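Below you'll find the structure, written out as structure tokens, and then a few comments.
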Amino acid sequence: MCGIVGCWAPRPLNEQLLRTVLNSMHHRGPDDCGMLLDTPVSIGMTRLSIIDLEGGRQPIWNEDRTVATVCNGEIYNYLELREELVARGHHFSCASDTEVLVHGYESAGPMVSAGLRGMYAFAIWDRVKRKLLLSRDRFGKKPLYYTRTLSGDFLFASELKALRIFARTFGEDWRIRQQSIYDYLSLGVVPQPATIYENVFALGAGENLEFDGQHISLEKYWHPVRCPTNLISFSDAQSNVRTLISEAVRLRLRSDVPLGVFLSGGIDSSIVAYEASKVLGSSLKTFTVSVPNKILDESAIAKRTAQALGVENVVLPLEIPPSELLNDMVRLYDQPYADSSALPSMAVSRAARRHVTVVLTGDGGDEIFAGYRRHIAAKWFDAFRWLPESICRIARRVGKSKIRRSAAGLTNRFLRGLPLTPAERYLVWTSDMLMEADKCGSWRGRPMVATESWIARILSEIDDSGLSTQLHGDININLLSDLLVKMDMATMSASIEARSPLLDHRLAEFVMTLPKDYLVGVVTPKRLLRCAYEGLLPREVIHGRKRGFEIPLASWLRADWKELIQDTVLSTHSRVCEYLDPCFVRNVYEGRTLTDRNWAYICYSLLVLELWLR
């Protein structure tokens, strides 16, 4: 795991400049630093040593030093790839997983990524062909940003803070992209491939970029699309899923440093812990968060699960100083980012780092196996879409609830979404923040394109109006631009590597072929996983309700952050009010508008935006 940077510039690069840029990402790799200055290309990395601690220093070369690479992440199937490459005559100089990239590139060229199983963002410099290749893993677990300067230089880095330092030395003065703020108000994050800055982009998930000094060429090497045509029986589907998850976990246990599992009370992390315990036995360490709020605390369930699996469980008491951690998050994440679970994720990563360097998580289980309650709504959409809007309005008033996670709250959002367009419905069923109509009446910036238009383009890739469309949106919007960003930045801020077995692409490809009834029951999300592990995990885990990794957001807004909000967002010097009407902002905080939406999330997103703009 690392932070990587690089550039293509015709003039020689100063070594100290590259070192300064790398130092801005020291948290991503505190163990080592490596650089290559080979005009016109310079690349560098700061390393968190995981595999081949002594011999895996980067950049890594091929045999004749014509191909060099730096990589952020892990190639989990490197042993199998190494065996294949050795059989073809390649010679390895170390035991690092990264070395398979240069030899794989020699054999397959830019399509080297197609044979990888892992999480990665890497750069390869081909001295002979005079080409620079960047590649990002299939789901976008590892970040990589790039830009071109006005003079044509090409720059890239794992984090925007590093890229911005780089760009400033090339005379670039980045401007805020107003469209990104506009989209953020609906999503709570800046949707990729855009960033908060003009002319600065995130490399797409499952995408390659080639640069030859003149032109940028982008090509997708993987694009997940649900195609439920598999006629396999439900029983065989369960067996296949267990086999695929077992293999995914086994590959992700490869490490030369201490490793553990983040174990909550939910089914996803419990499955990962179960499969890991089959390999490591009682030596496996699991880590569970304990919070003072009894409603949000899952430590008791997790402890009972660990006991049932016969593994060690370390409870990490989580005390979160709201204002201090909020400021840390705004500084660290580089862009406005309003998923409040980033705060406890940062805190638990810091606590776990005292014990291990690598953790396995259950991330991705909800997006791959349909684990959200909105997936139940999406399954039933076709059966209820005929309801007249007038009946929906009456039913919403009857079922109105201030508790979003209650049955009444879910029903209310389900009915609100029925008469809407697919893009509008996606927003209501997910973030439930500002819609186009809200922004049209309050936006003070330049005219923008409706966020719903961008979402509609993504959803149109699926010829289905229900569950497949919702899952496609969740993977390409929510997972990519929110959840994976959160976990990468939170864990790397503490110099800890997080691995997600449930996002193994072979597992995902299999699940995407299955009928929707296998994934979602009549009123049960994640049906396939629950049935596959029935009898292998405690009943309270298999049949437990969905829990999020949450903080008491509404109470913090009304108490801990009340003074901060008054002094920033609601002050006469508010930066947010350069983009939104001040009366609208005040009405939101005082509960006079948007109370039928995700009110706490909206208020928090405005606070985060204000602090970031400052």
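The values are calculated or read from the model by the stated rules, or taken from the named source; none is laboratory data. No experiment lies behind these values; they were computed from the predicted model shown. Heads up, the Cβs are rebuilt from the backbone with ideal geometry, glycines too, and the neighbour counts pull from every protein chain shown.
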Yes/no for Val314 being modelled with pLDDT of 90 or more, assigned to a loop (DSSP other than H, G, I, E, B) and among the hydrophobic types (A, V, I, L, M, F, W, C): no
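Here's the yes/no breakdown for (1) in contact (Cβ under 8 Å) with a residue 60 or more places away in the chain; (2) out of contact with any His (no Cβ under 7 Å at 6 or more places or on another chain); (3) not β-branched (Val, Ile, Thr):
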residue	(1), (2), (3)
Arg175	no, yes, yes
Ile181	yes, yes, no
Leu185	yes, yes, yes
Val190	yes, yes, no
Gly213	yes, yes, yes
Leu218	no, yes, yes
Val241	yes, yes, no
Ala248	yes, yes, yes
Ile271	yes, yes, no
Output for the stretch 431-455, where each listed residue is over 13 Å from Leu185 (Cα atoms) and within 21 Å of the chain's Cα centre (by Cα): Trp454, Ile455
Subset of the stretch 195-218 (residues that are within 26 Å of Gly473 (Cβ to Cβ) and exposed (fewer than 14 other Cβ atoms within 10 Å of the Cβ)): Leu218
Unmet requirement for Ser401, which otherwise passes all of (1) modelled with pLDDT under 95; (2) of a type in the set (S, T, N, Q); (3) under 19 Å from the mean Cα position of the chain (by Cα); (4) not in a helix (DSSP H, G or I): (3)
Looking only at the stretch 488-507, and only at residues there that are of a type in the set (Gly, Ala, Ser) and surrounded by fewer than 22 Cβ atoms within 10 Å (Cβ to Cβ), the one that is nearest to the chain's Cα centre (by Cα): Ser493
Test set (1) at pLDDT below 95; (2) under 19 Å from Tyr221 (Cβ atoms) - Leu150 fails condition number: (2)
Only one of Ser431, Ser460, Ser493 that is in contact with a Leu (Cβ under 6 Å, 6 or more places away or on another chain), among the hydroxyl-bearing types (Ser, Thr, Tyr) and farther than 29 Å from Asn77 by Cβ: Ser431
Candidate set from the stretch 144-181 (those that are of a type in the set (S, T, N, Q) and in a loop (DSSP other than H, G, I, E, B)); member that is surrounded by the fewest Cβ atoms within 10 Å (Cβ to Cβ): Ser151
Residue check for Leu185: farther than 26 Å from Tyr221 by Cβ, buried (at least 24 other Cβ atoms within 10 Å of the Cβ) and hydrophobic (A, V, I, L, M, F, W, C): yes
Counted residues, the stretch 545-588 - those being touching a helix residue (DSSP H, G or I) at 6+ places or on another chain (Cβ under 7 Å) and within 27 Å of Val289 (Cα to Cα): 9
Verdict on Ser135 being farther than 28 Å from Pro110 by Cβ, under 21 Å from the mean Cα position of the chain (by Cα) and in the same structural domain as Pro110 (by TED's automatic domain parsing): no
Pair list, Cβ under 7 Å, 6 or more apart: the stretch 571-591 residue acidic (Asp, Glu), other residue at pLDDT 95 or above: Glu578/Arg444; Asp581/Ser442; Asp581/Arg444
Selected residue (criterion: nearest to Phe211 (Cα to Cα)) from residues of the stretch 134-148 that are out of contact with any Leu (no Cβ under 7 Å at 6 or more places or on another chain) and not charged (D, E, K, R): Ser135
Residue within the stretch 480-490 that is more than 21 Å from Gly206 (Cα to Cα) and in a helix (DSSP H, G or I) present: yes
Qualifying positions in the stretch 581-598 - under 28 Å from the mean Cα position of the chain (by Cα) and among the hydrophobic types (A, V, I, L, M, F, W, C): Leu594
Test result for Leu284, assigned by TED's automatic domain parsing to the domain that holds Phe510, in contact (Cβ under 8 Å) with a residue 24 or more places away in the chain and more than 30 Å from Leu79 (Cβ to Cβ): no
